[in-house]
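Please read the structure below before turning to the comments.
The values are calculated or read from the model by the stated rules, or taken from the named source; none is laboratory data. The structure presented is a predicted model; accordingly, all values stated were derived computationally and were not measured. Virtual Cβ from ideal backbone geometry, glycine too; neighbours counted across all protein chains shown. Calculation scope for accessible area: heavy atoms of the full protein, side chains included, ligands and nucleic acids excluded. Shrake-Rupley method; radii C 1.70, N 1.55, O 1.52, S 1.80 Å.
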Amino acid sequence: DAGVTQSPTHLIKTRGQQVTLRCSPKSGHDTVSWYQQAPGQGPQFIFQYYEEEERQRGNFPDRFSGHQFPNYSSELNVNALLLGDSALYLCASSLEGLWETQYFGPGTRLLVL
Amino acid sequence: EDQVTQSPEALRLQEGESSSLNCSYTVSGLRGLFWYRQDPGKGPEFLFTLYSAGEEKEKERLKATLTKKESFLHITAPKPEDSATYLCAVQRNNNNDMRFGAGTRLTVKP
């Protein structure tokens with residue numbers, strides 16, 4: 001059973017560029033959440049998608065946007081990249097109604113120069 | 001606002017030396033408190049969910065407990081492979097996000 005997968009694993013961008021990160025949830029899961037983790041910090045909630053809709057959003061600017069596809073996979077888009085956007089971006093999946101167990105992917109490490 | 005504070009920031013133990021990690025939290029209406037393990041360069045790995053004060057859960061050398069203000073992760077006779085960062089998170093009722101602490105970086109020396 002494949003767990004949560006994310007692509008790419010690493011990415012280098014320059015300020016002002018745009019980036020798209022991808023996530024495939026664990027088999028059978030229908031809910032995807034995205035988190036940003038800065039070095040030495042815990043993950044910070046960006047938003048959650050369910051039934052192709054953004055269900056809840058954390059305290060992130062609208063430069064951060066997302067999408068969920070009918071197969072439950074998801075994308076995170078970040079526009080107008082800033083140096084401070086450098087972080088590990090984590091995707092987590094769960095099954096609606098079984099909220100207590102979220103499975104995280106390995107993350108995408110983004111470096112903005 | 002929900003807050004999660006973990007202590008200590010870092011902990012070095014000798015193999016076999018038991019200890020506890022602390023997670024203090026403030027949240028309005030706790031839905032669940034979570035413990036995760038994170039190895040360097042990897043995503044967090046789910047360990048436990050605790051729902052109410054007095055609850056305890058165990059997994060191998062780990063035991064998590066919960067009070068109304070804090071949670072402890074007890075590590076009994078740790079091994080070097082237990083070295084990792086341990087993250088605590090809380091989720092409020094009727095809310096879908098998780099508020100994480102900064103973690104405790106545990107190193108177990110052989």
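Summary of computed values
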read-out: Residues being in contact with a Gly (Cβ under 9 Å, 6 or more places away or on another chain), outside any loop (DSSP other than H, G, I, E, B) and of a type outside the set (A, V, I, L, M, F, W, C) - total across region A:1-35; value: 4
read-out: Residue within region B:63-72 that is over 29 Å from residue A:48 (Cα atoms), more than 11 Å from chain A (Cβ to nearest Cβ) and at pLDDT 95 or above present; value: yes
read-out: Any chance residue B:104 is open to solvent by less than 60 Å² (accessible area, probe 1.4 Å), within 11 Å of another protein chain (Cβ to nearest Cβ) and touching a residue at least 40 places away in the same chain (Cβ under 8 Å); value: yes
read-out: Members of region A:55-98 that are farther than 11 Å from residue A:29 by Cβ and among the hydrophobic types (A, V, I, L, M, F, W, C); value: A:60, A:64, A:69, A:76, A:78, A:80, A:81, A:82, A:83, A:87, A:88, A:90
read-out: Residues satisfying the stated conditions in region B:86-97, i.e. farther than 20 Å from residue B:9 by Cβ and touching a residue at least 40 places away in the same chain (Cβ under 8 Å); value: B:91, B:92, B:93, B:94, B:95
read-out: Strands (runs of 3 or more DSSP E) wholly inside region B:11-61 containing at least 1 residues that are among the hydrophobic types (A, V, I, L, M, F, W, C) and surrounded by 15 or more Cβ atoms within 10 Å (Cβ to Cβ); value: B:19-26, B:30-38, B:45-50
read-out: Region B:73-99, residues that are within 13 Å of chain A (Cβ to nearest Cβ), of a type in the set (D, E, K, R) and either open to solvent by 50 Å² or more (accessible area, probe 1.4 Å) or in a strand (DSSP E or B) (or both); value: B:92, B:99
read-out: Of residues in region A:92-106 being at the interface with chain B (Cβ under 8 Å from one of its Cβ atoms) and over 16 Å from residue B:89 (Cβ atoms), the one surrounded by the fewest Cβ atoms within 10 Å (Cβ to Cβ); value: A:106
read-out: Candidate set: region B:1-35, residues that are touching a residue at least 60 places away in the same chain (Cβ under 8 Å) and of a type in the set (Ser, Thr, Tyr); chosen: the one farthest from the other protein chains (Cβ to nearest Cβ); value: B:18
read-out: Region A:65-76 - residue that is open to solvent by 30 Å² or more (accessible area, probe 1.4 Å) and among the polar types (S, T, N, Q) and, of those, nearest to the chain's Cα centre (by Cα); value: A:65
read-out: Pick from region A:1-16, criterion open to solvent by 90 Å² or more (accessible area, probe 1.4 Å) and more than 11 Å from chain B (Cβ to nearest Cβ), ranking: nearest to residue B:45 (Cα to Cα); value: A:1
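Conditions (1) farther than 17 Å from residue B:34 by Cβ; (2) of a type in the set (Ser, Thr, Tyr), marked per residue:
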site	(1), (2)
A:23	yes, no
A:27	yes, yes
A:31	no, yes
A:35	no, yes
A:45	no, no
A:49	yes, yes
A:64	yes, no
A:107	yes, no
